Structures are given as C-alpha cells and as structure tokens.
Amino acid sequence: MKNERPYYEESWRIFRIMSEFVDGFELFENIDRAVTVWGSARVRPENEWYKEAVKLGRLLVKNGYAVITGGGPGIMEAANKGAFLEKGISVGLNIELPMEQKANRYITHLISFRYFFVRKVMFVKYARAFVIFPGGFGTLDEFAEALNLIQTQRVNRFPVILVGNKHWKPIIRWMENYLVSGGFISKKDMEIFTTAETAEEVIKKIKQFYRKKVNTHTNFTSKI
C-alpha cells in the first residue's frame, strides 16, 4: 500500500517509547510522595474550582507531598500554582497535541510526552492519591483508568477522591442505578472512590487512608 510506513519506522517507534519511559523514571527518581490532580483545562482563575485547586496544591506541599498534573491550564495550572507558591515540587506531565497544549508557568519539573499511555503510567506509578476535579472527556478517561487499575489490582489501592459533589453526583447515581443494579460492577467497587467538597476535606481523607494503612502494617508499593 502506498501509505504504508516502512517497517523500520515502526521499529524505531519502540525506542521513542522507551526514551519517554526513561525520561519519566529519571524525573521521579527523587520524588517519593506525590499526589496527582486532574480536572478541566477550561476553567478560569475566577472559577470556584480553580481557587480550590490552588488551595489544595498549597495544602499538599504543606503536608509533604509533591503535586503532579497534566501541566496545562485550568485545574492543572491551579494545582501547580498552589504547590509553586508554597515552594514545593510542582510536576507537569505535558502532552504533545495537534493543537499544542502550552505548559503552565508554575511547574518546577516538566516533561513532555508524545504517547498518552506512557504519560498515564507516570501519573499512576508515583501517585499516593488521585484527586479529580470537575472536567470533561479527558478527566472522565483518567477517572475510569484509576478505577479500572484498582479494581483489577494492577495497582495497590490508594485514595481516589472526586471533588465537587454537584458535578459528580449524577455520574455516581448512574453507576449505582445501572452498573451496580445490572451486575456490571459490584457494590464494593463503589468503595474504590470517595467524594469531597473542599481542599481541607481532601487532605483529611488522604491522611485517614494512610493512617489506617499504617495501623494495618500495609506498605505502599507500585505494581506498575
């Protein structure tokens, strides 16, 4: 076929993928505790969730965590900003897109990815919690990815916290009324995630989770 790529181009793609993994592993080599924050790239600084994400970034640093985001605008920028203002580690895992996403200016550790799946590994492998603010398709994809990895025990369980009850309540109700009732997931699967309304509540839930883990002598180790 005329448009078929030469076999050697596909072979070299493997090395590009490997190089992205290596860059990511090196970036996180000295970052022990981090929380991944997801959410819409479209919210503006005057938005209530932007302001709450800034507050969360600050609180995470104060509690000894680095902040990981997708590196772009909106909620990502807000969480990075909070971490940056507290002089903490503010990681941006940017993605190369046809309509290029510009990295926000509050990042202290930046890396750009060509491949979504490599980027997702970095989001998950080094996170002690996922905090998910209101967002669109990308945010839903990331939320579903987290649920699936924990449900199938590909990663050890850790907090997955949805921020904004009004935004998430219809989705949660659909899960209960359709997925659980229809037998597509178990009722226990709904315990994989929880909800919060404020940054302070998020921090409280993360602390509670790890206090319980310490009491049960369970260590955190990534399976990825």
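Just so it is clear, none of the values below were taken in a lab; they were calculated from the coordinates. What you see is a predicted model, and the numbers here were worked out from it, not measured in a lab. Please note: Cβ atoms are built from the backbone with ideal geometry, for glycine as well, and neighbour counts cover all protein chains shown.
Some points to look at:
- This model, with +1 at the C-beta of Lys and Arg and -1 at the C-beta of Asp and Glu, gives segment 33-215 a dipole about its Cα centre of some 620 debye.
- Length released on extending from K213 to E197, taking residue separation times 0.36 nm less the Cα-Cα span: 3.4 nm
- Pairwise FRET efficiency - K51 versus D189, Cβ, R0 = 30 Å, nearest 0.05: 0.40
- Cβ charges +1 (Lys, Arg) and -1 (Asp, Glu), total dipole of segment 1-137, debye: 300
- Helix-only CD estimate at 222 nm, as mean residue ellipticity for the chain, using -39500 (n - 2.57) per DSSP H run (n ≥ 4): -14500 deg cm²/dmol
- Extended-chain gain in nm, criterion 0.36 nm per residue less alpha-carbon gap, V180 and N148: 10.0 nm
- 3J(HN,Hα) from dihedral phi, segment 13-29, Karplus parametrisation 6.51/-1.76/1.60, rounded to Hz, x for glycine, proline: 4, 4, 6, 5, 4, 4, 5, 5, 4, 4, 4, x, 4, 5, 4, 8, 3
- Once the Cβ-Cβ distance of T108 and F21 is raised to the sixth power relative to R0 = 25 Å, the FRET efficiency obtained is 0.70.
- Value of relative contact order over the chain, rounded to a whole percent, pairs C-alpha under 8 Å and six or more apart: 19
- The Cα center of segment 61-93 and the Cα center of segment 125-144 differ in position by 15 Å.
- E10 versus E86: modelled label distance in nm, points set 7 Å from Cα along the beta carbon direction: 4.8
- Most mobile listed residue (G57, G71, G136) in the chain, GNM with C-alpha springs under 10 Å: G136
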